1. Rounded to the nearest 100 Å², what's the accessible area chains B and A bury against each other, both chains counted, probe 1.4 Å?
2. Considering the options B:Ala500, B:Ile246, A:Ser139, tell which one lies farthest towards the positive end of the dipole of the protein assembly as shown, charges being +1 on Lys and Arg and -1 on Asp and Glu at the Cβ, about the Cα centre.
3. Considering only B:His279, A:Phe16, A:Leu203, whose Cα is most displaced toward the positive end of the charge dipole of the protein assembly as shown, charges sitting on Cβ of Lys, Arg (+1) and Asp, Glu (-1)?
4. Nearest 10 degrees is fine. How inclined is helix B:374-383 to the longest principal axis of chain B, computing both from alpha carbons?
5. Report ³J(HN,Hα) in whole Hz for each residue of segment B:187-202, in order, from the Karplus equation J = 6.51 cos²θ - 1.76 cosθ + 1.60 where θ = phi - 60°; Gly and Pro get x.
6. For B:Ala101, enumerate residues with amide H under 5 Å from its amide H, sequence gap 5+ or separate chain, H modeled in the peptide plane.
7. Please give the per residue accessible area of segment A:14-148, computed with a probe of 1.4 Å over protein heavy atoms only, in Å².
8. Let me know the shape class of segment A:86-172, please: from the alpha-carbon gyration tensor, a ≥ b ≥ c as square roots of the eigenvalues, rounded when a/c is under 1.5, otherwise prolate if a/b is greater than b/c, or oblate.
Amino acid sequence: MNAWYSVFAALFIVLFLTLVSLIGVGPVGAKGIFGIYIPYLAAVVFFVGIVVRIIQWAKVPVPFNICTTGGQGKSLPWIKNDNLDCPHNTWGVIGRMFLEVFLFRSLFRNTKAQLGQGAKLTFASAKWLWLFGILFHYSFLTIVLRHLRFFTEPMPSFVQWISYFDGFFELLLPTVFLTDIVFLLAAGYLFLRRVVIPQIRYLSLPSDYFALFLILAIGISGVLMRQVWKVDLLQVKELALGLASFRPAIPQGIGDIFYIHLFLVCCLAVYFPFSKLMHAPGVFFSPTRNLANNNRMVRHINPWNYPVKVHTYEEYEDEYREKMKAVGLPVDKE
Amino acid sequence: MELHELPKPEDLVKDVKYRKLPEKPWMQEPVDFKPGTYNYPALAKNLKKVHMPNPREWHVDQQDWHLPDDWQEIILKGFKDRLEKYRSFRLFMDICVRCGACADKCHFFLGGGDPKNMPVLRAELIRSVYRNDFTTVGRLLGNLAGGRKLTLPVLKEWFYYFFQCSECRRCSVFCPYGIDTAEVTMIGRELLNLVGLNINWVMEPVANCFMTGNHLGIPPHGLVENWEFMQDDIEEITGIKVNLPINKKGAEILFVVPSGDYFADPGSYTFMGYLAVLHEIGLDYTWSTYASEGGNFGLFTSHEMIKRLNAKIYAEAKRLKVKWILGGECGHMWRVIHQYMDTMNGPADFLEEPVSPITGTKFENAKGTKMVHIAEFTSDLIRHGKLNLDPSRNDHIRVTYHDSCNPARAVGLFEEPRDIIRTVCKNFYEMPEDSIREKTYCCAGGAGLGNDENMEMRMRGGLPRANAVRYVRDQRGVNRLLCMCAIDRATLSTMMEYWAPDVSVGGIHELVANALIMKGEKKRTVDFRGEPIPGVEPDEEEE
Ligand code: HEM
Ligand code: SF4
Ligand code: SF4
């Protein structure tokens, strides 16, 4: 697939989805479908999909402990074990997973190779992906948590705190959340590096662009809703609380832009369990990371271990007995 | 292909531009079998010896690979089986985000520039089929979802690129989810094996190892001769006839090493090193002709074959009634011993938890498998002052240390070898940070790729390692590349000949033996290579 084909196919699908919701709530006026049925459906697909996928993974056995060791293993008492990069016990594994999940430890190792004159290879630090990855994920998380304010009454205090700190840097009026900007910038970076870096462009699939465009579209529609075509947040909250309490009703007068935003979120939710976005729960299952390097201490059990055909010593000795005796090797059978 | 047929080192990678990629999308680019970059097929006789499917004569560069008619079905069924048996495989198919962090971490990409040697694309070769045949979105959207059908060109591509991965796991260190492309390669090779696509450099050692216990197919009487030969060499160098216990029942310890150590130089110097050290400390141990190979090319074939070839080690330990097992300097052997042996062929409840009879140290880290690495064993001896050493005998050697992939990224064995090296040699210089320890670069000849027909790819893949060696050679005058792996000792030697001709390759126990002052030894005038030690004059009466 041509790179530009991939980009445009993905862009086209996202625009198409936007258009569907625009027409759906505008001319067609199916606000009930877009405000109630689709969100419920999406929520079900999202949660059931994730759970099913996780169960699928969990049901597949882990036949071998293939921990990737990134530091000194536990061995002799005077040799210092690197329990975070090469854990030998559960605490080490927890620490390692913590670093992976919250700080993207492995991505932080990233370097960039350059080949110069005379076949000289040099390595430069390359932490941009790590940096923007971190920014992207944390702003994403913040935004998701902030949305809880629509679904809860009274708001939990941590949600208030997040909004408070976020709005602290009031850049424009009305409050532009700092995270919104970071989020769009970071997602924009992730997109740009995909098209600008030739290797990444070469290996990207339409689905890689699709996820990014969808997320960007959600972010942009969200910002537009706050800044340009403002919607009545109280009514949004009414809708959200109605959905959350299973007494859904469509309040009058929420702008169409809101339904577009909501529909795109629903699309992301439906897409999530079937896509690479499952890396989020997936990383917890990764056997190179979530197992301790204690292979020689504790026997790892393979549930489907089966007997295999081997060449036994008896067969071996039968083949070579005379020769073995001739060179003075002891034999079991004379 | 011979080394001299390759372009000069400076020119070999002139064409490599990481940022210049083919115009055509990768799914449409058919594989080009360029001589020097692929491996020859397995001979039918070798497949027959180990009862593997579809033994026949075939050639990579011919159109018809003589596959079974239902090859697609066989592979897709094998694919499904493995998705249900290996969480690693299933997960690695599902969660890659194609961030490209692994892209320039593979030595074959760095030295060859072929984008399909970026670990992520290597895995995508198989993942694209996974999406097409095993995922909902893929079944619905096919190509748009990044899926593609398993066609003959795709299969050929698998063959080319899964035998262009040395299963070194460097990529898995950098992947944010720990996706291990070596694991994908291993499963990919298993699938290829189902229809009889394998390479001779893997299958011949496998067949030999199955029948005779070692890769080279040396029968027991041949081993005795070979080993006695080295015993004589040691006597010539040190004046001491060392013990050579073979197949000795009731010995305390069984010692298993890779056959590369007794097959050719410079491995043999390491072998002599073991003999000297174990003799000097008076260890009650034995060699085995049946378990005469620690290496296991099953690792490059299939999980089943790993188990079949590995079984002999515990079986022999049981037969000889030893207490525990010691293992030599080898790379992939230690991946198998550390990560597979106990699970596959254990539990080793007939053995005892290993304790060094010399120092009393308990090897807690090996209390399950009951197998200790010789670097652990020797560094413990040194720590307790049990070896009488004169490092000045190694003064003519300026060393650097290559972490072999498997001890590094599958065992986490970094400090023991360094402790030993620092004690036996005063001139030890590390290569740059990005190329050692868990980030170490492969010798590019592992996983069965260290053959002559694949020479161009090996030398290309060797660039990152050689580049770092050349750096310490130029900055620090290094003239010896140490490693703890039999495949390395063979492949790095060729690599150095090409990329850094004045650097020799050797194992650690060779240097230990050089420095080891043995009780009753004669004046040492030559090292374990038989080369004169500078500054030491032979005594006249010895002439
Ligand atoms: C261990 C934790 C995680 C790591 C290391 C990680 C890393 C990454 C990386 C490297 C990307 C690729 C960016 C690109 O090149 O396109 C990405 C994308 C993304 N991740 Fe995560 N992630 C983690 C957890 C999560 C979690 C918990 C979520 C929650 C929903 C999540 C949601 C996303 C989304 C929505 C994208 C953007 C879509 C895309 O770029 O394809 N991630 N992540
Ligand atoms: S680093 Fe991991 S997630 Fe990123 S492209 Fe490579 S295999 Fe995929
Ligand atoms: S395992 Fe090694 S050879 Fe294979 S893709 Fe990864 S880095 Fe390359």
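1. Protein heavy atoms only, the B-A interface buries about 9300 Å².
2. A:Ser139
3. A:Phe16
4. Taking the Cα atoms of chain B, the angle to B:374-383 is about 40 degrees.
5. 5, x, 5, 4, 5, 4, 4, 5, 10, x, 9, 8, 10, 5, 5, 8
6. Answer set, sorted by chain and number: none.
7. I get 49 Å² per residue for this part.
8. Judged from the Cα gyration tensor, segment A:86-172 comes out oblate (a/c at least 1.5, b/c at or above a/b).
The values are calculated or read from the model by the stated rules, or taken from the named source; none is laboratory data. Just so you know, these numbers come straight off a predicted model, no measurement behind them. As a convention, Cβ positions derive from the backbone with ideal geometry for all residues, glycine included, and neighbour counts pool all protein chains shown. All accessible areas refer to the heavy atoms of the entire protein, side chains included, with ligands and DNA or RNA removed. Shrake-Rupley method; radii C 1.70, N 1.55, O 1.52, S 1.80 Å.
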